[in-house]
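Chemist: I am attaching a structure below and will ask some questions about it afterwards.
Computed from the coordinates by the stated procedures, all read-outs in this text should not be read as laboratory data. Just so we're clear, the structure is a prediction, and the values are computed from it rather than from any experiment. Cβ coordinates were reconstructed from backbone atoms using ideal geometry, including for glycine residues, and neighbour counts include every protein chain displayed.
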Amino acid sequence: MLPELLQGVDTGGLLVIQDSASYSGRHLLQSFINAALNREEAVHVLGFEVSEEELKDGLRGSPVQRLHFHNAYTDPLGWTDHPAFTVHQFCLGELTRLVKQTSHSKPATLVIDSLSWILRHVSTPDVCRTLQQLRKGGAVRSIIGLLHADMHQRGTVGSVCHSATSVITVEPAMRGDEAVAKITKRSKSGKVIQDEEIFRIKDDLTVVVQSKSSKGAKKADSEEQETDPTANLTFNLRLSDTEREAKQKLALPFVFSKEKKTALLHSGPGSGRIHYEPDANDDYDQEDPDDDLDV
Amino acid sequence: MYTELNSILNTTPDSFTQGEFVLLSDRQSDASFLIHHFLSLYLRARCKVCFVGLVQSFNHYSAISQRLGQKESLSVLIPQENDTGSQAMDFLRDPSVGLKSLYEFVRSTVSSNGEEGGDGSEEWGPPVLLVDDLSVLLSLGVSAGAVLDFSHYCRAIVCSQLQGNVVMLVRCDGEGEEDEGDDEGSERLMKGLTHQCSLTLHVQGLPTGYCRDIHGQVEVCWRRRQGDGQYTQKKLFQYKVHDKGASFFAPGTSSAVL
């Protein structure tokens, strides 16, 4: 599912990449930026956490002409006299103006690095509202945000991910250069698909999916390792094909199947019959028990 | 300056990565011996060091660096002075104000053009900011968010703009894993700083308990791309602090054991 998402987030979609201190999601974010640039889309990056040089350094080899970096890194809180973009400007009006500054025929992709920085200074409902408005607004085609899940309370993380159409949670894998991605994707019809993949990012920022979820891989291993219990015995526990057929055909004695019922009720020819001739002594009238007395 | 740590980090006074944000952290241990390493490393590299020492007096660092064989005395340092006119420590009076004035002090210090050397023709290296330590700010009433803003701005000015280095020490007590973290927590501060930095050195006691010959373990984690290598490389070492320095070795190879 990761390659599908890399090919393009749906229009009006919000993709959230969740990471933690043990594995940074920025590398995957750069892969998404690289993929969008290679598709000849305009990408606007709202950079709070890393400088423009650092981000472009990681995007060596990508066509960065269509990348517009909005510097919110040097002065996000307005501590100097001329801040380029502050965190308090994170609202629909300002962002629309920012994106429309560069005129392009197609709506652009907005990348936010990172949502955690904004959430530290702007309340969660405001952030979620702005993201929703941006999605419906039409100024941007889709939004990709990086979120450091271990820096916020679970409720905050949950609220932001709830308004997202896709969430990728990245964690370190067993091998050093690989990582595990847990993906949740909500389609427009309301269907939710979840998947877990192990991936590796190559030097040219393409993503290679190594294998499906580690749980699946473990299951296959255990099945292969299970030995056949009927092997290496001094007696034979195996069945040949004819024996197996006969075993399946056998009707068990106390199972009351339909065939048995009809056989009992309508006894076929040659089976025993019971002939009953009523005897005088058998004529026992309940209401008059002394009927047979000859008095 | 500890030579073994230099070889682990691939640094020498003559060549070290610029624009790095190094985070020193410890959990129920004491990582301040690493501060002395970086202090003497950058002084030996003739960098302009701005040392924000909130924990110990100036004489403490001076004495230790002399013991470590630092030939130049620490007088070239700019000690943190509580002038009556200084606004840098304003947050002590009103912690909710944040650390903007402390940042202004740092910015003016690292940006100034080395007048205190007296001899304007001296060649200084890139500026370096050392902070010992950030957790003290938490206990002084500053919120974790304000400290993270401060460290962000320091990084923006020193690392990105002036191509210098920043080294900060943060300390945690307790086991960590404060789930629904309170905003003032040192855990939140440490996680936030870990996201910002490019190199972490985390000092902990040995998981097996006290040992006379091994004082603890250091986990070194490179978070940014190292040349063409893979991202996020981690290495674990054990260390022993002694009189004239500290020695680092791979786990299980302590001289007491071999």
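Chemist: Within chain A, which is the longest segment containing none of the chymotrypsin sites (Phe, Trp or Tyr not before Pro) that sit in a DSSP loop and have at most 13 other Cβ atoms within 10 Å?
Modeler: Numbers: sites that count: A:F235, A:F254, A:F256, A:Y276, A:Y284.
Between exposed loop sites, the widest span is A:1-234.
Chemist: By the gyration tensor of its Cα atoms, with a ≥ b ≥ c the square roots of the eigenvalues, what is the shape of segment A:2-213: rounded for a/c under 1.5, prolate for a/b over b/c, or oblate?
Modeler: Rounded, because the longest to shortest axis ratio a/c is under 1.5.
Chemist: Got a sec? Charge dipole of chain A, +1 on Cβ for Lys and Arg, -1 for Asp and Glu; which of A:S51, A:H82, A:V255 is way out at the positive end?
Modeler: It is A:H82, whose Cα lies furthest towards the positive end.
Chemist: Want the number for A:F235 to A:I193: 0.36 nm per residue separation, take away the alpha-carbon distance, what's left?
Modeler: Values: separation 42, 0.36 × 42 = 15.12 nm, distance 4.96 nm.
That pair, A:F235 and A:I193, stretches by 10.2 nm at full extension.
Chemist: Quick query: amide H of B:H215 versus all other amide H atoms, modeled in the peptide plane; which residues come in under 5 Å with a sequence gap of 5 or more or a different chain?
Modeler: Sorted by chain and number, the residues that satisfy this are B:Y239, B:K240, B:V241.
Chemist: For B:E4 and A:R200, what does the FRET efficiency come to when R0 = 45 Å and r is the distance between their Cβ atoms, rounded to the nearest 0.05? Don't jump to the answer; show the numbers that get you there.
Modeler: Details: r = 32 Å, r/R0 = 0.72.
For R0 = 45 Å, the calculated efficiency reads 0.90.
Chemist: Rounded to whole Hz and in sequence order, give me ³J(HN,Hα) for segment A:107-113 from the Karplus expression 6.51 cos²θ - 1.76 cosθ + 1.60, θ = phi - 60°, writing x for Gly and Pro.
Modeler: Karplus-based 3J(HN,Hα) across segment A:107-113 equals x, 8, 9, 9, 10, 10, 10 Hz.
Chemist: Would you mind giving the mean number of other chain beta-carbons within 10 Å of the Cβ of each residue in B:188-196, as a whole number? Mind showing how you got there, number by number?
Modeler: Values: counts 5, 1, 1, 8, 7, 1, 7, 14, 3.
Mean shielding by partner chains, rounded to a whole number: 5.
Chemist: Along the Cα→Cβ direction, 7 angstrom out, place labels at A:Q286 and B:A250. What is the inter-label distance in nm?
Modeler: 9.8 nm
Chemist: Ok, one more. Which order do the peptides B:18-24, B:153-159 take when ranked by the mean count of other beta-carbon atoms within 10 Å per residue, highest first?
Modeler: Numbers: B:18-24: 21.7, B:153-159: 23.3.
Result, highest mean Cβ count within 10 Å first: B:153-159, B:18-24.
Chemist: Using a Förster distance of 35 angstrom, determine the FRET efficiency expected from the C-beta separation of A:S159 and A:Q7, and round it to 0.05. Show your work: numbers first, answer last.
Modeler: Values: r = 28 Å, r/R0 = 0.80.
Rounded to the nearest 0.05, the efficiency is 0.80.
Chemist: Treating only the Cβ of Lys, Arg, Asp and Glu as charged (+1, +1, -1, -1), what charge dipole size does segment A:2-213 show about its Cα centre? Round to the nearest 20 debye. It would help to have the intermediate numbers written out before the result.
Modeler: Working: 23 positive and 24 negative charges, 189 e Å.
Charge dipole of segment A:2-213: 900 debye, to the nearest 20.
Chemist: Taking a ≥ b ≥ c as the square roots of the Cα gyration tensor eigenvalues, with a/c under 1.5 meaning rounded and otherwise prolate when a/b beats b/c, else oblate, which class fits segment A:47-120?
Modeler: Here segment A:47-120 falls in the oblate category.
Chemist: Name the residues whose placed amide hydrogens come within less than 5 Å of the amide hydrogen of B:Q233, ignoring near sequence neighbours (fewer than 5 apart) on the same chain.
Modeler: Hits under the 5 Å cutoff: B:W222.
Chemist: While we're looking at this one, here's another question. As a test of the formula, what do you get for chain A when each DSSP H run with n ≥ 4 contributes -39,500 (n - 2.57) and the sum is divided by the residue count, at 222 nm and rounded to the nearest 500 deg cm²/dmol? Don't jump to the answer; show the numbers that get you there.
Modeler: Values: 10 runs with 93 residues, N = 295.
Calculated at 222 nm, the ellipticity per residue is -9000 deg cm²/dmol.
Chemist: List, in order, the whole-Hz ³J(HN,Hα) value for each residue of segment A:45-50 obtained from phi through the Karplus relation with A = 6.51, B = -1.76, C = 1.60 and θ = phi - 60°; use x for Gly and Pro.
Modeler: With the stated coefficients, segment A:45-50 comes to 10, 9, x, 9, 9, 10 Hz.
Chemist: Let me ask another. Restricting attention to segment A:101-176, which trypsin sites (Lys or Arg not before Pro) occupy a DSSP loop and are surrounded by at most 11 other Cβ atoms within 10 Å?
Modeler: On the way: sites: A:R120, A:R129, A:R135, A:K136, A:R141, A:R154, A:R175; in loops: A:R175.
Counting only loop positions with at most 11 other Cβ atoms within 10 Å, the trypsin sites (Lys or Arg not before Pro) in segment A:101-176 are A:R175.
Chemist: Within chain A, which is the longest segment containing none of the GluC sites (Glu not before Pro) that sit in a DSSP loop and have at most 15 other Cβ atoms within 10 Å?
Modeler: Working: sites that count: A:E40, A:E226, A:E287.
Longest gap between qualifying sites, sites excluded: A:41-225.
Chemist: In nm, give the distance between the simple-model label positions of A:T102 and A:E52, each being 7 Å from the Cα along the Cα-to-Cβ direction.
Modeler: 1.0 nm
Chemist: Across peptide B:146-155, what mean number of C-beta atoms from other chains lies inside 10 Å of a residue's C-beta?
Modeler: Values: counts 0, 0, 3, 7, 0, 0, 8, 7, 0, 4.
The per-residue average across the peptide is 3.
Chemist: Would you list A:H162, B:H36, A:H82, A:H88 from fewest to most Cβ contacts within 10 Å? Write out the running numbers ahead of the final one.
Modeler: Numbers: A:H162 11, B:H36 22, A:H82 7, A:H88 14.
Lowest count first: A:H82, A:H162, A:H88, B:H36.
Chemist: While we're here: In what sequence do A:V180, A:V111 fall when counting other Cβ within 10 Å, fewest first?
Modeler: Values: A:V180 18, A:V111 27.
By the 10 Å Cβ count, ascending, the order reads A:V180, A:V111.
Chemist: Enumerate the calculated ³J(HN,Hα) couplings along segment B:151-161 in order (Karplus 6.51 cos²θ - 1.76 cosθ + 1.60, θ = phi - 60°), each rounded to whole Hz, writing x wherever the residue is Gly or Pro.
Modeler: The phi angles translate into 5, 4, 5, 4, 5, 4, 7, 7, 6, 7, 7 Hz.
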